[in-house]
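Structure record follows, encoded as structure tokens.
FYI, it's all coordinate maths here, none of it is from the lab. All figures in this text were calculated on a predicted structure; none of them were measured in a lab. Positions of Cβ are generated from backbone atoms using ideal geometry, with glycine treated the same way; all protein chains shown enter the neighbour counts.
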Amino acid sequence: MNDLKKWKILKSKMVLDHPWCQVRQDEIELPNGKIIDDYFVSIKPDVAMILPITSNKEIIFVRQYRHAVGKFLLELPAGNFDPTKESAEVAAIRELREETGYIPQKIRKIATLYDKPSKDTNQIHLFLAENVSKVGEQQLDITEEIEVVFIPGESVLDKIAQGEISVAGSVAALFLGLKFIT
């Protein structure tokens with residue numbers, strides 16, 4: 001493993017700089033000397049994701065339309081955040097509250113994962129929220145229409161196997177939090 005070398009960036013420029021999407025084009029030199037002049041990198045914000053468990057071991061999911069794939073998907077509450085303005089933990093609690101109307105009695109970080117490190121810059125910060133309780137109504141963004149769904153913890157693995165839960169970050173969080181679910 002000691003022979004592995006990083007790629008060398010020869011030139012870099014932003015080819016798309018929009019509040020909703022940033023893309024950088026790098027010209028890189030590979031360790032073998034070959035040059036790639038059009039390696040594109042998506043500059044993405046970090047994501048805070050939360051695995052909320054009720055006192056009776058139900059997991060709170062959100063079902064929402066995901067335009068890129070044209071489907072309604074079942075996933076854990078999550079959202080982007082700016083680490084210069086709030087911590088990942090605060091963002092996770094905020095997203096849970098906004099998307100579901102619930103807050104946790106106890107929260108702990110379970111992992112930080114890279115989302116898609118070959119092309120994207122962001123990480124997913126995963127949290128476990130225990131004994132969540134309803135404190136109000138959803139506070140959705142203009143682009144959100146979310147159904148709150150409760151699934152018994154013991155049913156989660158079957159729902160993953162059947163393809164009902166198929167968003168990678170949510171699946172990772174569920175496997176990492178499995179010992180707390182059942």
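A few remarks follow.
- J(HN,Hα) series, the stretch 34-39, from Karplus relation 6.51 cos²θ - 1.76 cosθ + 1.60, nearest Hz, glycine and proline x: 5, 10, 10, 9, 9, 8
- Just so you know, the Cα atoms of the chain work out to an Rg and Dmax of 18.8, 58 Å.
- Near the amide H of Tyr39, within less than 5 Å, lie the amide hydrogens of Asp26, Ile28, all on another chain or at least 5 residues away, with H placed in the peptide plane.
- Sequence-distant residues sharing a close amide H with Ile165 (under 5 Å, placed H): Ile160
- The stretch 51-182 - percent relative contact order, Cα under 8 Å, separation 6 or more: 34
- Degrees, to the nearest 10: 88-100 long Cα axis against longest axis of the chain: 50
- Computed from label points 7 Å out along Cα-Cβ, the spacing between Gln162 and Gln22 is 4.2 nm.
- Between Leu73 and Ala111, residue separation times 0.36 nm minus the direct Cα-Cα distance comes to 11.4 nm.
- Only helices enter the 222 nm calculation for the chain: every DSSP H run of n ≥ 4 contributes -39,500 (n - 2.57), and dividing by all residues gives -4500 deg cm²/dmol, rounded to 500.
- Each of Thr112, Pro52, Leu30 was scored by the projection of its Cα onto the charge dipole of the chain, and the greatest displacement toward the positive side belongs to Leu30; charges sit on the C-beta of Lys, Arg, Asp and Glu.
- Residues whose placed amide H lies under 5 Å from that of Gln22, excluding near-sequence neighbours: Ile43
- Rounded to two decimals, the Cα-based Rg/Rh of the stretch 45-146, with Kirkwood Rh, is 0.96.
- Calculated Rg and Dmax of the stretch 141-182 using C-alpha coordinates, Å: 11.8, 36
- When the alpha carbon coordinates of the stretch 88-182 are projected onto the principal axes, the ranges are 38, 32, 26 Å, largest first.
- Whole-Å semi-axes of the ellipsoid equivalent to the stretch 1-45 (Cα gyration tensor, √5λ, descending): 25, 12, 6
- Note, ³J(HN,Hα) from phi for the stretch 143-156, Karplus 6.51, -1.76, 1.60, rounded to Hz, x at Gly and Pro: 8, 9, 9, 10, 9, 8, 10, 9, 10, x, x, 5, 8, 4
- GNM top mover of Leu96, Leu73, Leu128 - the chain, alpha-carbon springs below 10 Å: Leu73
- Spatially proximal lysines relative to Lys57 (Cα-Cα < 29 Å; intrachain offsets below 8 disregarded): Lys71, Lys106, Lys109, Lys134, Lys159, Lys179
- Net charge in the neighbourhood of Pro83 (other residues with Cβ under 12 Å of its Cβ; Lys, Arg +1, Asp, Glu -1) is -3.
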